1. When you check I79 against the structure, is it in contact with a strand residue (DSSP E or B) (Cβ under 9 Å, 6 or more places away or on another chain), part of a loop (DSSP other than H, G, I, E, B) and surrounded by 15 or more Cβ atoms within 10 Å (Cβ to Cβ), yes or no?
2. Of the residues that sit in region 6-57 and are of a type in the set (K, R) and touching a helix residue (DSSP H, G or I) at 6+ places or on another chain (Cβ under 8 Å), which one is farthest from L75 (Cα to Cα)?
3. Residues of region 9-28 being at negative phi and either crowded, with 16+ Cβ neighbours inside 10 Å or touching a Phe, Trp or Tyr at 6+ places or on another chain (Cβ under 9 Å) (or both), which ones?
Amino acid sequence: MKVTLYSQYFNPKITRRLGRKVNIETAKKFSDEKLSEILRQMRVEYEVREGAYSRIPYEKCNIYVIESNVRKTTLIKMIERKI
């Protein structure tokens, strides 16, 4: 199953209403390099693309397409704990 994660999910500059999925304290520690490292540690296959999150189409972000057997919300919570 493919899961799509946008770096906007971890962006501390946007509100939860606009799409942030993690708490603000975790979001302040986020970087794309950290996310890539966490995904490598979890040993999941992923691909990074450039694009825009649909709620904020004028702001570019990275899109992570991940091959995983877990649901998106579970994956985000796992990443949040490791950041």
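The values are calculated or read from the model by the stated rules, or taken from the named source; none is laboratory data. Keep in mind that what you see is a predicted model, and the values were worked out from it rather than measured. Virtual Cβ from ideal backbone geometry, glycine too; neighbours counted across all protein chains shown.
1. On the way: in contact with a strand residue (DSSP E or B) (Cβ under 9 Å, 6 or more places away or on another chain): yes; part of a loop (DSSP other than H, G, I, E, B): no; surrounded by 15 or more Cβ atoms within 10 Å (Cβ to Cβ): yes.
Here the answer is no, as I79 does not meet what is asked.
2. First, pick out the residues of region 6-57 that are of a type in the set (K, R): 13, 16-17, 20-21, 28-29, 34, 40, 43, 49, 55.
From what is left, the residues that are touching a helix residue (DSSP H, G or I) at 6+ places or on another chain (Cβ under 8 Å) are 20-21, 55.
Values: R20: 14, K21: 11, R55: 21 Å.
Filtering first and then ranking leaves R55.
3. Taking region 9-28 first, the residues at negative phi are 9-18, 20-28.
Within region 9-28, Y9, F10, N11, P12, I14, L18, R20, K21, V22, T26, A27 qualify.
Results for (1) modelled with pLDDT of 95 or more; (2) in contact with a Cys (Cβ under 7 Å, 6 or more places away or on another chain); (3) under 21 Å from I66 (Cα atoms), shown as yes or no for each residue.
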| site | (1), (2), (3) |
| --- | --- |
| L18 | no, no, no |
| V22 | yes, no, yes |
| D32 | no, no, yes |
| S54 | no, no, yes |
